[in-house]
Every structure is written in C-alpha cells, then in structure tokens.
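Here the structure comes first, spelled out in structure tokens, and everything after it is commentary.
The values are calculated or read from the model by the stated rules, or taken from the named source; none is laboratory data. Keep in mind the model is a prediction, meaning the values are calculated, not measured. Neighbour counts run over all protein chains shown; Cβ positions are idealised from the backbone, glycine included.
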Amino acid sequence: MRSSSSGGRARRALLPLFVVLAVLMVAGGWAVHLGLRVRDHLTAAGGALTRLGPLVSAGASAPALATVAETIADARSHAAEARRLTGGPDWWLLSHAPFAGAAATTVRGLAQAAGELTDALTGAQRVAVPLATALSRSPADPRERLAALDAAAPVLEDAATRFARAGTLLRDTPADTGLATLDDARRTALEQVTRLGGLLRTGADTAALLPPMLGGDGPRRYFLAFQTNAEARGTGGLVGAFGILKADRGRIAVERLSADTGLFTSPVPVADHGRDFLRRYGSGATRALSVSNLSPHFPYAAATWTGLWERRADTRLDGAVAVDPAGLAHLLRLIGPVTLPGGEKVTGENVVDLTERAAYARYPDPMARKRFLLEIAGAVGEALPRSLADPAALMPVMGRMVDERRIQVWSRHGAEQRILARAPIGGVLPSRPGPFAGLVVNNSAGGKLDYYLDRSLDYELGPCRDGQRPSTVRVRLGNDTPEGSLPSYVTGRLDRPARRHAPGSNLLWVSLYGGLGGRLTEARLDGERTAVLRGIERSHPVYSVMLELAPGQSRSLEFDLTEVASRESPLVPVQPLARPQRTSVTEDPRGCVP
C-alpha cells in the first residue's frame, strides 16, 4: 500500500511538469492542448473549421451545403468534448497550479471559444440553404429574398452574439503564459474570431435592416444626396444634386431628380442638433443645403436634408442616403456602363473624372454643368435596380463602399437607426472613449479645387502614465492644382471676391477631432506655434484653423495632445474625399494600462 501511495504522490508531483510538456507540443492555430485528449479534439475541430473556407466558396449547391453541414457537425462534436474536458474540477485545479496555471486558463478559454463558434455556425447553417437559394435566384418578385433575409435575421443575430462572446472569452485569458506557441495560438484565434465576428455582425445587421428599409412592409421614401468631393464638406462633399429614392417590396427607383438649386433655403431651422452644433456651425447649417453637412456626423446632415424636403413638399420621408462619385464608380463596375441621352458612355473608370474635373472644364455655364450631372445621376438611377439582380456580387461592392464611406444611410425609424449607428454605413461620429484622431476638411473658398487635395495623417501614441497618455497628430495637406487655366467656377474665391488671389489657391477650414476627455497642449503650423479655435462636438474636443493653400503648396499641422489612458484601439475615421488619405498609427510598444 505504501508503495502504491508513494507512486500516486510521485505522479501527482509530476502532473504540472506533464502539463507544461503537453503545452510545449502545441503547433499553433486551433491545435492547443494541455492534455492529449484536449489537444486531439481541438486539433480535429480546428481542422474541420479550416476545411469550411473552400467548402463555402464552392457555392450554394445542394452537395456543397450538405458537406458544409457535415463538417460543422464534426467540428461541433470535437469542440464540445474539448469544452467538457476543460470544464471539470481537474482542469480547474490545473488552472490554479503554479507554472501551468496561466497556460491551462488560456487553453480552457480556447476550448470554450471553439464551442461558442461551432454552436454559432450550427445555428447559421440551418438558415443557409433557404437564404442561399433565395439570394442565388433572380425571381420576378424580390419579396422572396426579403422574406429569406427576414427569417435569417434572428439566427444571424444569435451567431454574431456567440462570436462576440467567444472574443470576450479569449480576451479574458492570459496573453503571456510563458509559452510562445500557446501565446501565438491565442493571438491568432483572437484575430480570426474578431475578423469573422465583424463580418457576421455585418451580415446580421444587413438581414435585419434590408427587409423593412427596402419596403418589405410597405413603400419607403428616402432623400438621396449626390455629394461632390470637389468641394469638401464634413460628410464628404457639397450636395450638388438630389432625388427621392423609393423602395417598395424590394424594388427601388429614383424619383424627382433635381440640382441643388431645387431645394430652397428655409427661413427657419428645420432641425435642432443642440447648442454645441449651433455654436460651431450656426443656424444656417440647419436652413441651407449648401452648408447642411459641415459636420462629419452624418445623422445631422440627413435630418436637415429630410427637414428641408418636407418643408418644401409637405411629404414625410423615412430617411436619407448619400453617395458620391467614387461610390457610383463601384456600382458601375458591377452593373456596367450607362449611356447618356447624347450617346456618351459613363463607366466605373471615368465617372469620377467626369463629375469632379471634366464637367467643370467642359461646361463654363454652371447650369449646363448641373444638367449634365443630372443626366449622369438619372442614367445611374435607372440602372440601379440591376445592382440588386445578383446579391452575391453586390455584397462585396457594398462592403467596399461602406468601408470607404462612399455610401451613408440614416433612418427615421428608431430601431433601424440604432443598428445603423453602430455600423460604418451610419456615418456616426462616435461618442465612445478611447484614442481618437479625426481629420475633417471643409472648403471655405467656394471653389471646386478639393479634387486636387492631398492629405496625410500620422497618429503617434505615447506611453500611458498616471491615467494619461501623450500623443501627437501630424497632418499634411497639399494643393496639387495643375498649372494652366481652369474655369473660374473652379478657382473662384467666394470668401473674399474683391481680394486678389493666385489662381488655384484654396482656403480650408481644417479641424482635428480628439478623443473624449483629451486636451490640446500645443499646436504648430509649419513648425511654428499657432493658435487654434477650440470647440466641442458630440463630446469630442475639436481644434480648428483656417488654412490658406497656394497652388503647389503643402503645409503641415501638428497637435500635441494629452489623452485619457485607455486600452481601446485607436480610432481614425477618414473623411471620404476625392483622393484617399494616407494614414499611419504608431503606439508605444509598452502598451497602455489605465
């Protein structure tokens, strides 16, 4: 008996060593283990999940969907067993043991996350067949698609919630276990879960929004704004034309196209956005279309647009949609060229240049240019229903438009707007804490030179100390207006028309939006200390300067900030202008512990 007892004590004494040795056998990805059985089940589950990618890409055929279902079931079975093995009292003891405790805790988190993921995929797979079937057809009545999306919405919502829970489980596990292979496995799993969870969240939101917003419950009407980035505004560009977008049981059409002159200035404000908005932009921003979107917060502009239309037409709208020439280019690459009444072809390759540069050179008369732009908007509007013919092809195009903020949407219906507000398509200036640097440019000259504007932003975050963090934001703006004559409508200066200006010079109202609770310690213009106008918008501190740019000139602004220490990832929203902004973010390698 003594010998047996001694042997048992020896085995128990060696158990932590066995655990460490087992963890050292980890090979990355999902193949994480502290015990051989856990390792085998997680390896099998990971292998099954890896096989899903090519299977999903194979399409929505019955054999492919059947194989997907079998593969998910296999992964779920192994993940459930790994979760069971790491959920008992034995594993709890391991997670509290010296040396092996951190590793055991992380492995348990990986097993729990795998269980959540496979449960989520099992639920989503049940609606995959009817949804894929409906989306792959081209039915005469698109209500079938809306019905399939509506049925899938709660299932996708549950799956997105489970993915978010899996991410939380992984984030709550030790990142530094002392074992590089295990730490790499955790980091890789967290990155993948975050990425895929974001896609699933987008899918769930899309399934919830499209049926009602496309008129599944009855006709909807939206203000449709065509923004031109040649004259910068906070949401992108000046509204050069507009229309009314009608959606009825999945069918869409553009009605009542008009130039910007078709919406008159209201004698009284049509919206109330609060005192901070009024101080910063004045009452004119809620009375006139031309200055209605100075703020980067899209719901402000959208509410003003619908208010202006409703005052004119005495008809209630359900929301607003904004697109710009770059967004139209993405759509035209999907639906193909459109032909104008005169026979000219407008394509995804030439629509940006046509609307933001060539039209100004071709038509010295502003009204002739506006008629030309309305022809383009009308031709694209007529072709727009074709974009819905192939949802599988449309989704990546819409994804790119949303990522670049080439399309922004606001809904008057509260439940829909709450979903839109948490997604990029909502164009919301977020009021969440954390490091933030948003560059916003508004044209103050009244010309159309922002087609030639170059922008870069470098955001450098320092170390956290005593609840604070020093940061520096460096902004460079360049006026790349070409030499030679441009129409006076493009180069004209309405800010001081009596004053002589170099042709091609520009005046910009440049604003940096900082993180909540932060403050500016110093600002520099071209290396020299400068004063800035300080304001507040949606709790963000805002620092603004008026910047004159001669043709061919580049100028730099630097903002030294003291921010609130936060573990949140830096957020750098990019204003959708004609040319992309070059953005870089660097963080102190020591991280941030508030």
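Some points to look at:
- Set 337, 269: member being surrounded by fewer than 18 Cβ atoms within 10 Å (Cβ to Cβ) and either in contact with a strand residue (DSSP E or B) (Cβ under 9 Å, 6 or more places away or on another chain) or hydrophobic (A, V, I, L, M, F, W, C) (or both): 337
- Taking the range 341-448 as the region of interest, the helices (runs of 4 or more DSSP H) fully inside it that hold 1 or more residues being within 30 Å of residue 548 (Cβ to Cβ) are 359-362, 366-383.
- The residues in the range 215-235 that are closer than 17 Å to residue 142 by Cβ and of a type in the set (D, E, K, R) can be counted, and the count is 2.
- Hits in the range 184-216 (condition: farther than 21 Å from residue 411 by Cβ and free of Cβ contacts under 8 Å to residues at least 60 places away in the same chain): 187, 190, 191, 192, 194, 195, 196, 197, 198, 199
- Failed criterion for residue 73 (all others in (1) more than 24 Å from residue 152 (Cβ to Cβ); (2) more than 32 Å from the chain's Cα centre (by Cα); (3) modelled with pLDDT of 80 or more hold): (1)
- Any hit, the range 252-274, residues being touching a Pro at 6+ places or on another chain (Cβ under 8 Å), at pLDDT below 95 and within 26 Å of residue 383 (Cβ to Cβ): yes
- Qualifying residue in the range 240-253 (condition: assigned to a strand (DSSP E or B), under 27 Å from the mean Cα position of the chain (by Cα) and of a type in the set (Phe, Trp, Tyr)): yes
- If you check 368, 377, 358 for being surrounded by 19 or more Cβ atoms within 10 Å (Cβ to Cβ) and modelled with pLDDT of 85 or more, only one passes: 377.
- When residues in the range 254-276 are screened for being among the hydrophobic types (A, V, I, L, M, F, W, C) and outside any strand (DSSP E or B), 5 of them pass.
- Remark: residue 282 matches the filter, which requires a residue to be at pLDDT 95 or above and surrounded by fewer than 16 Cβ atoms within 10 Å (Cβ to Cβ).
- Every residue from the range 493-529 that is assigned to a loop (DSSP other than H, G, I, E, B) and free of Cβ contacts under 8 Å to residues at least 24 places away in the same chain: 496, 497, 498, 499, 500, 501
Table: residues versus (1) of a type in the set (A, V, I, L, M, F, W, C); (2) under 14 Å from the mean Cα position of the chain (by Cα).
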position	(1), (2)
401	yes, yes
409	yes, yes
415	yes, no
428	yes, yes
432	no, no
435	no, no
453	yes, no
464	yes, no
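- One residue from 127, 68, 107 being under 26 Å from residue 176 (Cβ atoms), β-branched (Val, Ile, Thr), surrounded by 19 or more Cβ atoms within 10 Å (Cβ to Cβ) and in the same structural domain as residue 191 (by TED's automatic domain parsing): 107
- Among the numbered conditions (1) over 30 Å from residue 413 (Cβ atoms); (2) surrounded by 15 or more Cβ atoms within 10 Å (Cβ to Cβ); (3) of a type outside the set (Gly, Ala, Ser); (4) touching a residue at least 60 places away in the same chain (Cβ under 8 Å), the only one that residue 324 does not meet is (1).
- The range 563-593 - residue that is of a type in the set (Ser, Thr, Tyr) and surrounded by fewer than 16 Cβ atoms within 10 Å (Cβ to Cβ) and, of those, farthest from residue 293 (Cα to Cα): 586
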